[in-house]
1. Could you tell me whether the stretch 183-199 includes any residue that is modelled with pLDDT under 95, in contact with a helix residue (DSSP H, G or I) (Cβ under 8 Å, 6 or more places away or on another chain) and in a helix (DSSP H, G or I)?
2. Select, from Leu118, Leu142, the only residue that is farther than 16 Å from Arg289 by Cβ, surrounded by fewer than 17 Cβ atoms within 10 Å (Cβ to Cβ) and modelled with pLDDT of 95 or more.
3. Under the condition of being of a type in the set (Phe, Trp, Tyr) and surrounded by fewer than 24 Cβ atoms within 10 Å (Cβ to Cβ), which residue from the stretch 63-81 is farthest from Ile270 (Cα to Cα)?
4. Being surrounded by 13 or more Cβ atoms within 10 Å (Cβ to Cβ), at pLDDT 90 or above and of a type in the set (A, V, I, L, M, F, W, C), is that true of even one residue in the stretch 207-218?
5. Could you please give the count of residues in the stretch 161-177 that are modelled with pLDDT of 90 or more and either over 23 Å from Ile306 (Cα atoms) or within 19 Å of the chain's Cα centre (by Cα) (or both)?
6. Name the residue that is modelled with the highest pLDDT, counting only residues in the stretch 82-109 that are more than 15 Å from Met127 (Cβ to Cβ), assigned to a loop (DSSP other than H, G, I, E, B) and more than 14 Å from the chain's Cα centre (by Cα).
7. Restrict the check to the stretch 294-311 and report whether at least one residue is touching a strand residue (DSSP E or B) at 6+ places or on another chain (Cβ under 7 Å) and either among the basic types (Lys, Arg) or without any contact (Cβ under 8 Å) to a residue 12 or more places away in the chain (or both).
8. Mind checking whether some residue in the stretch 240-256 is of a type in the set (A, V, I, L, M, F, W, C), in contact with a helix residue (DSSP H, G or I) (Cβ under 7 Å, 6 or more places away or on another chain), without any contact (Cβ under 8 Å) to a residue 24 or more places away in the chain and under 25 Å from Leu142 (Cβ atoms)?
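The values are calculated or read from the model by the stated rules, or taken from the named source; none is laboratory data. Since this is a predicted model, take the numbers as computed values, not measurements. Here Cβ is always computed from backbone atoms with ideal geometry, including for glycine, and neighbour counts include all displayed protein chains.
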Amino acid sequence: MRFIVLRRKTIPRYHTWISTAISLILGILVYLFITILVGRSPLEVLVNIARSFISPSIVKDFFVLIAMGCALLISFKAALWNIGGEGQFYIATIPGILLTLFIFNPRHNPAPAPLVILLVALTGTIMGAFWAFIAALFRAYLKIDEVPVTLILNYVAYYILNYLIFGPFKGRYVYGYLRTDEIPEIYRLNVRVHLPMRGDPLQVALQNLTVQLAYYIALLVLAVLIYVFTWWFFKHCRIGLYTKIHGSNPSYLQAVGVSVNHIILLTMTISGALIGLTGSIYLLSELGRIPYEIERQTAGYGYLAILVSWLSLLDLKMIPFSAYIVSALRNAGIALQVAGLGGVEQSLLLIGAILLTYSITRFLVEYEVRFEW
């Protein structure tokens with residue numbers, strides 16, 4: 001007996017949505033089954049997961065993951081597997097610290113806040129682009145796979161930041177902690193709103209959501225801008241068309257006289273630039289300062305964004321939906337730890353169960369298996 005795998009001639013119209021929804025449901029069921037085996041209360045676990053999907057605390061992660069997911073989508077569409085979003089995200093914070101705490105510190109050399117914020121965003125974008133460009137050079141001219149190179153560059157970025165925080169960036173007003181000073185309030189992008197909280201649970205939830213949206217308005221604007229740019233890039237930009245062709249048939253580009261190496265360099269650089277922009281805005285809005293041993297305290301957005309892009313099946317329309325799922329699952333893992341229902345491994349197990357069922361579901365939707373005797 002042998003089996004043959006064939007691609008289906010007709011695929012359901014809404015197969016992306018169907019695959020994602022089924023994967024989410026089946027993945028959670030698999031995780032609940034595992035929790036039963038280890039003696040946890042499945043009802044309590046399910047309640048914590050459900051709360052995470054309606055919690056205002058996912059707002060920040062949601063906006064960041066939309067921006068990061070779109071950035072990685074650009075390189076993934078070209079079959080360039082930029083696993084270095086984490087390093088590009090954090091290396092882009094170096095210019096922000098340098099500009100706000102040293103060059104234009106309000107105590108010694110004040111400058112107009114809009115100008116400094118613009119410079120932080122611009123230099124962060126350049127820094128992220130440069131970090132991705134390094135891996136692109138290895139891929140384009142040395143034919144070295146970008147996956148290990150970008151992964152190694154993540155840790156190089158960590159160690160550069162740790163050196164700077166331990167040395168020249170070490171804070172003076174940190175109360176004994178090893179970290180940078182906090183960015184001056186004048187350069188921060190958070191909008192603080194205080195609303196009176198009433199007793200109605202629904203009103204409290206809506207008011208909390210309003211406060212969160214206002215506080216992260218800079219990240220909301222960033223997510224919208226990057227999403228629109230990505231749409232324009234693939235819809236109306238010639239480089240976007242070449243990017244998609246490179247992902248399916250790079251030989252065609254060579255046949256029509258387009259330099260494949262240039263497409264690799266441009267695509268990776270644009271992807272890294274968008275991630276760098278996200279990192280610099282995140283520094284000015286949420287992060288505020290950088291702690292020592294950043295690799296132990298990172299939010300992991302560079303890796304979570306990979307899940308966002310994959311879960312969307314590289315479909316831009318699905319990016320917000322998959323970003324919502326991943327951000328909710330991340331917060332569900334944190335909620336399970338706080339509730340004493342598992343440690344870090346439990347949150348990873350939850351995401352892993354969903355990704356496993358997602359892979360199987362996607363395969364079954366797009367392919368059929370025939371047995372022959």
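1. Scanning the stretch 183-199 turns up at least one residue that is modelled with pLDDT under 95, in contact with a helix residue (DSSP H, G or I) (Cβ under 8 Å, 6 or more places away or on another chain) and in a helix (DSSP H, G or I).
2. Values: Leu142 fails: modelled with pLDDT of 95 or more.
The conditions single out Leu118.
3. So the first thing to find is which residues in the stretch 63-81 are of a type in the set (Phe, Trp, Tyr), and the list is 63, 76, 81.
From what is left, the residues that are surrounded by fewer than 24 Cβ atoms within 10 Å (Cβ to Cβ) are 76, 81.
Values: Phe76: 12, Trp81: 14 Å.
Looking at the filtered set, the residue picked out is Trp81.
4. Filtering the stretch 207-218 down to residues surrounded by 13 or more Cβ atoms within 10 Å (Cβ to Cβ) leaves 207-218.
Okay, now just the ones that are also at pLDDT 90 or above, so 217-218.
Filter once more, keeping what is of a type in the set (A, V, I, L, M, F, W, C): 217-218.
Yes, the stretch 207-218 contains at least one residue that is surrounded by 13 or more Cβ atoms within 10 Å (Cβ to Cβ), at pLDDT 90 or above and of a type in the set (A, V, I, L, M, F, W, C).
5. Taking the stretch 161-177 and keeping what is modelled with pLDDT of 90 or more, we get 161-170.
With either over 23 Å from Ile306 (Cα atoms) or within 19 Å of the chain's Cα centre (by Cα) (or both) added as a condition, the list becomes 162-170.
Going through the stretch 161-177 one residue at a time, the tally reaches 9.
6. Phe104
7. So in the stretch 294-311, the residues touching a strand residue (DSSP E or B) at 6+ places or on another chain (Cβ under 7 Å) come out as 297.
From what is left, the residues that are either among the basic types (Lys, Arg) or without any contact (Cβ under 8 Å) to a residue 12 or more places away in the chain (or both) are 297.
Within the stretch 294-311 (the criterion being touching a strand residue (DSSP E or B) at 6+ places or on another chain (Cβ under 7 Å) and either among the basic types (Lys, Arg) or without any contact (Cβ under 8 Å) to a residue 12 or more places away in the chain (or both)), the answer is yes, since at least one residue qualifies.
8. Checked against the condition, which is being of a type in the set (A, V, I, L, M, F, W, C), in contact with a helix residue (DSSP H, G or I) (Cβ under 7 Å, 6 or more places away or on another chain), without any contact (Cβ under 8 Å) to a residue 24 or more places away in the chain and under 25 Å from Leu142 (Cβ atoms), the stretch 240-256 yields at least one hit.
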